[in-house]
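Structure first, commentary second.
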Amino acid sequence: MKIYPFLLSLCLGAAFLLPAAAQDTNSKTAAIKPADSPSKVLLDSWNDIGRKLTAMAEDFPEDKFDFKPNPAQRSFIEQLLHAAGANYYFINPAEGKKPPEGDPKRDQFKNREDLVAFVKKSFADGAALIKSKGDKGLSDTFVDPFAHQYVRVGDYAWGFIEHSGEHYGQLVVYYRVAGLVPPESRPKK
């Protein structure tokens, strides 16, 4: 007899809790959006690193463009030119064109406007290529001019995002060694 009050309590508790739990589950799943497409994820990452490097080109003091943490390294502007110029080692072969022959030369960039325009253009050109390929085109292949093997457009693009990210990290160090705070590390307004 003592078990009946316990079972009655358990059943009543379940009757009140289960509908609330079901409602809670339904409201959570209704708020979940589908995953972004592979080309959108790639494009968002491409644009994000491009935004960070462009912000540095726009921000770093122009009179310190030739700053080097030590003589054996590239200068600030040479790092940015290398990172942005390398995008064409992805863009050109993916478009069936010949890759560039080395990094852009420092003496071609007289001021901040020249540098910013080049960085923006290289990332805009890459973004346009990724958009034009879409999800299906990310699996298109072309010959990697360095490895002399076929590579997929999407895989190659991810590699250049990583390359730009590595140079972004180096440039953060340039900021710190020069006694400056990188744009991404500043408090948001």
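Tabulated data
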| item | result |
| --- | --- |
| Selection within segment 162-189 - free of Cβ contacts under 8 Å to residues at least 12 places away in the same chain and not in a helix (DSSP H, G or I) | G179, V181, R186, P187, K188, K189 |
| The listed residue being farther than 20 Å from E162 by Cβ and either buried (at least 18 other Cβ atoms within 10 Å of the Cβ) or in contact (Cβ under 8 Å) with a residue 40 or more places away in the chain (or both), out of S37, S122, S75, S45 | S37 |
| Some residue of segment 58-67 being more than 30 Å from G179 (Cβ to Cβ), in contact with a Leu (Cβ under 8 Å, 6 or more places away or on another chain) and modelled with pLDDT of 95 or more | no |
| Candidate set: segment 30-48, residues that are at pLDDT below 95 and either of a type in the set (D, E) or in a helix (DSSP H, G or I) (or both); chosen: the one farthest from the chain's Cα centre (by Cα) | A30 |
| Scope segment 130-189; condition among the hydrophobic types (A, V, I, L, M, F, W, C), under 23 Å from Y89 (Cβ atoms) and in contact with a Lys or Arg (Cβ under 8 Å, 6 or more places away or on another chain); matching residues | L138, V153 |
| Of the criteria (1) under 15 Å from W46 (Cβ atoms); (2) β-branched (V, I, T); (3) not in a helix (DSSP H, G or I), which one V151 fails | (1) |
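The values are calculated or read from the model by the stated rules, or taken from the named source; none is laboratory data. The model shown is predicted, which means the values in this text are computed figures rather than measured ones. Counting neighbours? That spans all protein chains shown, and the Cβs are built from the backbone with ideal geometry, glycine included.
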